[in-house]
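In what follows, a single structure is set out as structure tokens and then discussed.
Bear in mind that the values in this text are calculations on the coordinates, not laboratory data. Model, not experiment: these values are computed from the prediction. Note: ideal-geometry Cβ built from the backbone for every residue, glycine included; neighbour counts use all protein chains shown.
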Amino acid sequence: MKQKIIIGNWKNYLGHKESVSLAHSLSELVTKDRTRVMVSPNHLYLNEVNQILSTTNIEVISQNLTSAESKSDTGGITLKNLKEININRSLVAHSETRIREKNPQSILLEIIPIGFPFVLCFEEIKQIPFNTLNDDFEIILAYEPIWAIGTGETASIGHINEIHSDVKSKLSKLGLNIPILYGGSVNPSNCKEILASDNVDGVLVGGASTKYDLFKEIVNSI
Ligand code: PEP
């Protein structure tokens, strides 16, 4: 089986104490070579969680990025902020970010030219800016149907395969090989079937990633 990427998006479910405690538990997690694990805590705890996990192979990533430049951007997160604390990847346009921000994808115009790695979430294929993507640096896509996020309703494997293979064939026509993750109510009971598909390069896990035992089961299911 090829390498799979498992991302835990803690959203804003965890406070400071819980985030630190989950990070300490994760620091004991032994991952296999065929698994790459990333976690995305609340921005306020990014630095501390990153430090706790610095000796592990778990990558800590940001939940959002609003500007590549340091500028007047009240409440935003700049590239400088992230780089100063050694955070080298961000989610972009998560569905919950799309509710709050008018055009979260616009950050791509700033970060693609400078090659800052990101995980772009989409729910419809037309939201993927194919012409701006390249494989000069690591881009990850995450298919997240909005009706499956946080609802307990997972997309069927048939549906996931259909969307992922459609995106993969569009990417391949452009000569691109970009991993595509699935996200939407992934849990220990459904992850095995989803991750077994060759069309699925990994999963983006929200709720279940905030509980150590559940996340560990997902990571170990591969
Ligand atoms: C998410 O936050 O991207 C997500 C998929 O959440 P959940 O797993 O809770 O549906």
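General observations
- Highlighted here are the helices (runs of 4 or more DSSP H) found entirely within segment 1-89 that include at least 3 residues which are small (Gly, Ala, Ser): 16-26.
- Qualifying positions in segment 125-143 - within 16 Å of the ligand (Cβ to nearest atom) and in contact with a helix residue (DSSP H, G or I) (Cβ under 9 Å, 6 or more places away or on another chain): GLN127, LEU141, TYR143
- Selected residue (criterion: surrounded by the fewest Cβ atoms within 10 Å (Cβ to Cβ)) from residues of segment 134-161 that are closer than 25 Å to GLU59 by Cα and over 17 Å from the mean Cα position of the chain (by Cα): ASP136
- The set of residues in segment 169-192 being closer than 20 Å to VAL92 by Cα, within 18 Å of the chain's Cα centre (by Cα) and surrounded by 13 or more Cβ atoms within 10 Å (Cβ to Cβ) consists of ILE178, PRO179, ILE180, LEU181, TYR182, GLY183, GLY184, SER185, VAL186.
- Selection of segment 209-218 for residues being in contact (Cβ under 8 Å) with a residue 24 or more places away in the chain and either part of a loop (DSSP other than H, G, I, E, B) or in contact with a helix residue (DSSP H, G or I) (Cβ under 6 Å, 6 or more places away or on another chain) (or both) yields SER209, TYR212, LEU214, PHE215, ILE218.
- ASP213 more than 15 Å from the ligand (Cβ to nearest atom), under 30 Å from HIS24 (Cβ atoms) and not hydroxyl-bearing (Ser, Thr, Tyr): yes
- Residue that is out of contact with any Phe, Trp or Tyr (no Cβ under 9 Å at 6 or more places or on another chain), away from the ligand (no atom under 16 Å from the Cβ) and aliphatic (A, V, I, L, M), where the choices are ILE77, ILE107, ILE99, ILE111: ILE77
- If you filter segment 183-210 down to residues that are among the hydroxyl-bearing types (Ser, Thr, Tyr) and out of contact with any Leu (no Cβ under 7 Å at 6 or more places or on another chain), you find that the one that is farthest from the ligand (Cβ to nearest atom) is SER197.
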